[in-house]
Each structure stands twice: as C-alpha cells, then as structure tokens.
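Note sheet for the following structure.
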Amino acid sequence: DFAFGTGDFCVEVAARITRHNVVLVDFYRMGYSGWQLWVTAAGLVQWWRGDLSYLNGTAVPLGEFVILAADRWAGVLRLFVNGILVATMADTFNYSTTVDVFALGAQVAQRNSNYD
C-alpha cells in the first residue's frame, strides 16, 4: 500500500511534535530508494526520497498538535502543515514496490542512528 510507484499518493500524520529530528514515517529500502516524512534538526517538515532529493517545508511548532502531509498530484510533490501548502517540487520518481522495513514514529535503525 505504501509503494506508490509513479502514481499519485498522499501520506498524512497527526502528531504532537515534542522535539526535532523525529522521523514520522519511514519506508526503508536497501540502497536508499525508499522515502521518509520527518521533522529535521531545524524543525522543518521534510520529505526525503530515494534518489537523495529533499523537499523542505516550513517550521513545525513544538508541543502543538499538528497535521503534516505530503502528496503527489499530477507530477508535483507538495508538503502541508495543518492544511497549508508549504512547499512544492516536480516529482516523477518511482517509489518502488519493494520494501525491506516500514516504520511509523521511528526511523529504521540501519539507515542512520542520528534520528528517532
């Protein structure tokens, strides 16, 4: 269900973010061709994809309940914070159908131990 291929998709997470460097969803594939939705050390919502491309959005408030979303529609990847569009980029990447580990609320340990 989370291997989107080249089609349209939407990933949405409702959470209270209490600190930075937190991975909300990690679809890990050996060789780094998966994807992540996370909050960076600078507190920005970010989408990472397997060809090492990043899409940075706006700052996420700490301690508040937020809804973070990433979607791709008609070849455009979009990031939202509380329903407000905060970033876009062209995206026709093939989010492969092969996955090794899927994690919610944590990063897959093999990728990088700097993030939870």
Quick one: which strands (runs of 3 or more DSSP E) sit completely within segment 34-101 and have at least 2 residues that are over 10 Å from the mean Cα position of the chain (by Cα)? 53-59, 65-73, 76-81, 84-90
The lone exception for SER33 - which of (1) modelled with pLDDT of 90 or more; (2) surrounded by fewer than 20 Cβ atoms within 10 Å (Cβ to Cβ) it fails: (1)
Within segment 60-72, the residues that are surrounded by 12 or more Cβ atoms within 10 Å (Cβ to Cβ) and not basic (Lys, Arg) are VAL60, PRO61, LEU62, VAL66, ILE67, LEU68, ALA69, ALA70, ASP71
If the Cβ limit is 6 Å and pairs must be 6+ apart or interchain, which residue in segment 54-67 that is over 15 Å from LEU37 (Cβ atoms) pairs with which residue that is of a type outside the set (A, V, I, L, M) and part of a loop (DSSP other than H, G, I, E, B)? ALA59/GLY43
Of the conditions (1) surrounded by 13 or more Cβ atoms within 10 Å (Cβ to Cβ); (2) at pLDDT 95 or above, the single one that LEU44 does not satisfy is (2)
Set PHE102, PHE80: member being open to solvent by 30 Å² or more (accessible area, probe 1.4 Å) and modelled with pLDDT of 80 or more: PHE80
For LEU85: the one exception among (1) touching a residue at least 12 places away in the same chain (Cβ under 8 Å); (2) surrounded by fewer than 20 Cβ atoms within 10 Å (Cβ to Cβ); (3) farther than 20 Å from SER96 by Cα: (1)
In this structure, is PHE4 over 22 Å from VAL101 (Cα atoms) and hydrophobic (A, V, I, L, M, F, W, C)? no
Segment 1-17: number of residues that are surrounded by 13 or more Cβ atoms within 10 Å (Cβ to Cβ) and at pLDDT below 85: 3
Across (1) outside any loop (DSSP other than H, G, I, E, B); (2) open to solvent by 10 Å² or more (accessible area, probe 1.4 Å); (3) modelled with pLDDT of 80 or more, HIS20 clears everything bar (1)
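The values are calculated or read from the model by the stated rules, or taken from the named source; none is laboratory data. The shown structure was predicted, so the numbers you read here are calculated from the model rather than taken from an experiment. So basically every Cβ, Gly included, is an ideal-geometry build from the backbone, and we count neighbours across all protein chains shown. These area figures cover heavy atoms from the full protein model, side chains too; ligands, DNA and RNA do not enter into them. Shrake-Rupley method; radii C 1.70, N 1.55, O 1.52, S 1.80 Å.
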